[in-house]
Amino acid sequence: MAQILVIGASRGLGLEFVRQYRAAGSQVVATARNDEGLAALRTLGATAIKLDVTDMVSASGLAWQIDGHQFDTVIFVAGVYGPHTSGLETPTEADFNAVMHANVLGPMRVLPQIQDALAPGAKLAVLSSRMGSIGLRSNTVGWLYRASKAAVNSVLKDVSLTLAGRAICISFHPGWVRTEMGGAEADIDAVTSVAGMRAVLAGLEAGDNGGFFNYDGETLAW
């Protein structure tokens with residue numbers, strides 16, 4: 001039975017990953033920040049861990065809670081959008097800290113703790129965004145979010161170098177998804193996005209390590 005770890009699974013894409021992997025018969029460990037999220041995970045049959053990636057004390061306690069596991073797949077979903085801007089609008093210090101702590105410092109706190117809990121040949125994915133691509137960029141909407149996703153792509157690349165030969169590590173653009181973050185006008189639903197990403201993860205090969213992929217498997221420019 002495959003072992004799956006989903007970081008940030010209280011709603012949206014994270015919760016959908018849990019739902020689909022459980023439906024496929026996998027053993028799932030997943031994290032949420034609050035009791036409501038934890039209850040939703042337990043209802044799906046997942047092992048639920050309380051974790052807030054923006055809190056140093058909470059994040060530092062993950063390693064011992066997953067001790068003994070050998071995860072075949074790890075997906076880091078937790079993140080926030082922050083202020084909706086359309087130009088060079090300087091973010092407040094509070095907004096900058098909130099977005100960067102969740103989207104960049106969070107993975108930098110959590111991913112090092114997962115190293116010893118990876119099965120040989122594990123797959124590890126961070127949910128980034130096409131908005132973080134510098135090569136594909138054509139506008140400045142949400143520039144704080146964009147900066148955070150460009151930064152987490154850098155984090156993922158370093159993780160892929162560190163874990164080369166032990167795990168295949170990639171960054172994902174999940175598509176523009178109809179979730180609380182994506183809004184009602186988005187292109188696809190969470191079921192489609194997650195099903196696509198699961199298919200990509202299942203088909204990853206060693207040469208894909210350190211890559212940036214669309215949910216449908218298209219390779220994206222950094």
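The values are calculated or read from the model by the stated rules, or taken from the named source; none is laboratory data. Predicted, not measured: the structure shown is a model, and the values here were computed from it. Heads up, the Cβs are rebuilt from the backbone with ideal geometry, glycines too, and the neighbour counts pull from every protein chain shown.
Give the residue that is farthest from MET56 (Cα to Cα), with candidates limited to residues of segment 115-139 that are touching a strand residue (DSSP E or B) at 6+ places or on another chain (Cβ under 6 Å) and part of a helix (DSSP H, G or I).
The initial filter retains those residues of segment 115-139 that are touching a strand residue (DSSP E or B) at 6+ places or on another chain (Cβ under 6 Å), namely 117-119, 122-130.
Applying the additional criterion that residues be part of a helix (DSSP H, G or I) yields 117, 130.
Values: ALA117: 20, ARG130: 28 Å.
Restricting to residues being touching a strand residue (DSSP E or B) at 6+ places or on another chain (Cβ under 6 Å) and part of a helix (DSSP H, G or I), the top hit is ARG130.
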For the list (1) part of a loop (DSSP other than H, G, I, E, B); (2) at pLDDT 95 or above; (3) not hydrophobic (A, V, I, L, M, F, W, C), I need the number of the one condition that GLY87 fails. (2)
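With respect to LYS157, determine if the residue is in contact with a Cys (Cβ under 9 Å, 6 or more places away or on another chain) and surrounded by fewer than 20 Cβ atoms within 10 Å (Cβ to Cβ). Break it down into steps so the answer makes sense when it comes.
Working: in contact with a Cys (Cβ under 9 Å, 6 or more places away or on another chain): yes; surrounded by fewer than 20 Cβ atoms within 10 Å (Cβ to Cβ): yes.
Spelling it out, LYS157 is indeed in contact with a Cys (Cβ under 9 Å, 6 or more places away or on another chain) and surrounded by fewer than 20 Cβ atoms within 10 Å (Cβ to Cβ).
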May I ask you to list pairs of residues, at least six apart or on different chains, whose Cβ atoms are under 6 Å apart, with the first in segment 55-81 being of a type in the set (D, E, K, R) and the second being crowded, with 16+ Cβ neighbours inside 10 Å? ASP72/GLN3; ASP72/ALA119; ASP72/ALA122
So, in segment 1-58, of the ones that are farther than 22 Å from GLN70 by Cα and hydrophobic (A, V, I, L, M, F, W, C), which residue ends up nearest to the chain's Cα centre (by Cα)? LEU13
Would you mind telling me which numbered condition in (1) closer than 16 Å to SER148 by Cα; (2) among the aromatic types (Phe, Trp, Tyr); (3) over 13 Å from the mean Cα position of the chain (by Cα) PHE76 fails? (3)
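Matching residues to (1) more than 18 Å from the chain's Cα centre (by Cα); (2) modelled with pLDDT of 95 or more; (3) more than 22 Å from VAL104 (Cα to Cα):
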residue: GLY165; (1), (2), (3): yes, yes, yes
residue: HIS173; (1), (2), (3): no, yes, no
residue: VAL177; (1), (2), (3): no, no, no
residue: VAL191; (1), (2), (3): no, no, yes
residue: MET197; (1), (2), (3): no, yes, no
residue: GLY211; (1), (2), (3): no, yes, no
Kindly indicate whether ALA199 is part of a helix (DSSP H, G or I) and either free of Cβ contacts under 8 Å to residues at least 12 places away in the same chain or not hydroxyl-bearing (Ser, Thr, Tyr) (or both). yes
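Of everything in segment 182-222 that's among the aliphatic types (A, V, I, L, M) and in contact with a helix residue (DSSP H, G or I) (Cβ under 6 Å, 6 or more places away or on another chain), which residue is surrounded by the fewest Cβ atoms within 10 Å (Cβ to Cβ)?
At the first step, the residues of segment 182-222 found to be among the aliphatic types (A, V, I, L, M) are 184, 186, 188, 190-191, 194-195, 197, 199-202, 204, 206, 220-221.
This time we only want the ones that are in contact with a helix residue (DSSP H, G or I) (Cβ under 6 Å, 6 or more places away or on another chain), so: 190, 194.
Details: ALA190: 23, VAL194: 26.
Restricting to residues being among the aliphatic types (A, V, I, L, M) and in contact with a helix residue (DSSP H, G or I) (Cβ under 6 Å, 6 or more places away or on another chain), the top hit is ALA190.
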For segment 82-115, how many residues are in contact (Cβ under 8 Å) with a residue 60 or more places away in the chain and over 30 Å from TRP64 (Cα atoms)? 2
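Condition check ((1) β-branched (Val, Ile, Thr); (2) more than 30 Å from LEU204 (Cα to Cα)) across all residues:
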residue: ALA32; (1), (2): no, no
residue: GLY68; (1), (2): no, no
residue: ILE75; (1), (2): yes, no
residue: GLY79; (1), (2): no, no
residue: HIS84; (1), (2): no, yes
residue: GLY87; (1), (2): no, yes
Those residues that are under 30 Å from MET1 (Cα atoms) and small (Gly, Ala, Ser), I need them from segment 62-96; list them, please. ALA63, GLY68, ALA78, GLY79
